[in-house]
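There's a structure below that I have some questions on.
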Amino acid sequence: IQELQRTPDSISSHMSDPRILQAMGVLMGVNIQTPDTMGDAFGAASSASWATPKAPEPPPRPPEPEVELTEEEKTAKAKKDKADAHKAKGNTAYKAKSFDEAVGHYEAAIAELPEEMTYYNNLAAVFFEQKKYDECIAKCKEGIEVGRSARADYKIVAKAFARVGNAYKAMDKLAEAKRAYEDSLMEDRTEDVEKKLKLLQKELKKRETEAHVDP
């Protein structure tokens, strides 16, 4: 240390001396580990003192108290559960292309909970697959009225309008299909319906042009 005081530039020749490293560590307030101190009691204590303390784990949250339902709420929940059970069976039958069975389950769901628009949409989807387009359109429109009254999600309403458009298009009633697609986009803008509307507008323009051609 006295030599370093006399010639500070000679520090590089003393860096291999662990005593010098420890002295510098004390002066700078840091723990400089050296081969001599690694693993001894002083080194273990020093490293422990520099370790970041772990944050205490929060105490476990008490379980949420169960909310006691009123008799009216219990009745409503029972009806919803029963209607959803019919809907689930209807979905299974629909995927298996057992359309008549699916119709029965969806109609049972509507009878159980007539203010739920989703069941009307599901039933309309079956009618569309059966090519019963008039029934599909009627059921969609009925569902839209129900949805308006119950303030259903606008996306569900938009889906019903889009299915009306699909049914009209399948019947080659393009003007009606165009209006239905536009109504759907007023509720919720989706890329699929926008694409269908553009293709339909192009087809309508083409037919209009062809109608003016004199053979």
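The values are calculated or read from the model by the stated rules, or taken from the named source; none is laboratory data. Only a predicted model underlies this, so the values are computations on that prediction, with no experimental measurement involved. Here the Cβ positions follow ideal geometry from the backbone for every residue, glycine too, while neighbour counts run over all protein chains shown. Just so you know, the surface numbers come from the protein's heavy atoms only, side chains and all, with ligands and any DNA or RNA stripped out. Shrake-Rupley method; radii C 1.70, N 1.55, O 1.52, S 1.80 Å.
Those residues that are open to solvent by less than 60 Å² (accessible area, probe 1.4 Å) and either in contact (Cβ under 8 Å) with a residue 40 or more places away in the chain or hydroxyl-bearing (Ser, Thr, Tyr) (or both), I need them from region 153-166; list them, please.
Hits for region 153-166 are Val157, Ala160, Arg163.
Moving on. Does region 37-48 include one or more residues that are open to solvent by 70 Å² or more (accessible area, probe 1.4 Å), modelled with pLDDT of 90 or more and not in a loop (DSSP other than H, G, I, E, B)?
no
Given the criterion assigned to a loop (DSSP other than H, G, I, E, B), open to solvent by 80 Å² or more (accessible area, probe 1.4 Å) and farther than 26 Å from Ala93 by Cα, identify the matching residue among Arg179, Arg148, Arg207, Arg189.
Arg189
Still on this structure, please answer the following. Restricting the search to region 135-145, which residues are open to solvent by less than 50 Å² (accessible area, probe 1.4 Å), over 22 Å from Lys195 (Cα atoms) and aliphatic (A, V, I, L, M)?
Within region 135-145, Ile144 is the sole residue that qualifies.
Of all residues in region 106-134 being in contact with a Leu (Cβ under 9 Å, 6 or more places away or on another chain) and open to solvent by 20 Å² or more (accessible area, probe 1.4 Å), which is farthest from Ala76 (Cα to Cα)?
So, considering only residues that are in contact with a Leu (Cβ under 9 Å, 6 or more places away or on another chain) and open to solvent by 20 Å² or more (accessible area, probe 1.4 Å), the one farthest from Ala76 (Cα to Cα) is Glu107.
With respect to Ala55, determine if the residue is small (Gly, Ala, Ser), part of a helix (DSSP H, G or I) and either surrounded by fewer than 17 Cβ atoms within 10 Å (Cβ to Cβ) or at pLDDT 95 or above (or both).
So Ala55 does not fit the description; no.
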